[in-house]
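The values are calculated or read from the model by the stated rules, or taken from the named source; none is laboratory data. Bear in mind that the values here come from a model prediction, so they are computed numbers and not experimental data. Note that each Cβ is placed from the backbone with ideal geometry, even for glycine, and that neighbours are counted across all protein chains shown. Ligands, DNA and RNA are excluded from the accessible area calculation, which covers all protein heavy atoms including side chains. Shrake-Rupley method; radii C 1.70, N 1.55, O 1.52, S 1.80 Å.
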Amino acid sequence: MSAKARAVSVLLTPFFALFVVVMVIPVGYAVWLSLFTEKQSGLGFGGTHTVFSGLGNYAAALGDPAFRDGFLVLLGYCALYIPLLLAGALALALLLDSALARARRFFQLALFLPHAVPGIIAALIWVYLYTPKLSPVVAAMESGGLGLDFLSPATALPSVVNIALWEWIGYNMVIFYAALQAIDRSVIEAATVDGAGAWRVAIAVKLPLIRSSLVMVALFTVIGSLQLFTEPLILNQGSGSAVTSSWTPNMYAYTAAFGRNDYGLAAASSVLLALAAALLSFAVTRLSARASRSGRTLRSARPLRSARTPRSGRASRPPLTHPKGRP
């Protein structure tokens, strides 16, 4: 083994060891646990014993309407949250990157601060702001003749989306702003000299150059959306809340494990959620790669006009040369 190969092995060994300990072993144990279930002997007065159930826990999870409804909630959450997050973070980053922006450092810090608040604390803050007879926001709305229950079945999902946006839009804005700052300024100056306005520069120049950052944020947002747990768990404690204990698949697994002590069902539902996250992540990466390839194909197929060819289509006269070959 060469010295370079030994150095690579030494540097990669801690990563793979940590990956096996915190990722491979827990996932393998969850899959193993999902194949067993607890049975009580006799009429329920005896002790419990573990029996092999195969795919029984998976069938029980998929056959439970509460588990399936949790995926419908996640679908609505992703459809509402992901476009708002990407559009909002990108718009804020473009505004900070524009020439008209002032006090960039202040606004970066102000927009990033909500992300520094722990998720549980943020959820508790918004529960206070959502709860009637406690929230000054609700009281102000009621005094103005606008009564709105933020925890009703119709508004529970937008309320959770609002909390997530408040927490994460500043974080993703920083990622987009860093990508925009890495763009070569000469490219933007060239587009401006060619007559492109600020809106055209943002759409036609800046966005294609930060495509990789957009894909990365979209991928991480999709994965994070499927792991929705903290905010609805806290909202579930609110009085009159429409958020139930099995509102999302993560909450369903949590309730099955620590509420009903059914660890096999909890492991099976967690594995199913992990598979859904893997499939959705794969779809996002494939779609982004296909869009990137089609964009490159269109750019390569676009006809280029030579700098020496006038718009009339007539070939320009070659420059006069010296008899000895010098211009």
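Here are some notes:
- Loop trypsin sites (Lys or Arg not before Pro), segment 89-119, which have at most 12 other Cβ atoms in a 10 Å radius of their Cβ (DSSP): 102
- Surrounding net charge for residue 62, when Lys and Arg each add one and Asp and Glu each subtract one, Cβ distance under 13 Å: -1
- Cα centroids of segment 262-278 and segment 48-79: 7 Å apart.
- Under-5 Å amide H pairs with residue 36, H placed in peptide plane, nonlocal only: 53
- Sequence-distant residues sharing a close amide H with residue 196 (under 5 Å, placed H): none
- Per residue, in Å², the accessible surface of segment 24-176 once ligands and nucleic acids are set aside, probe 1.4 Å: 57 Å²
- Three-way shape label, segment 215-291, alpha-carbon gyration tensor, a/c 1.5: oblate
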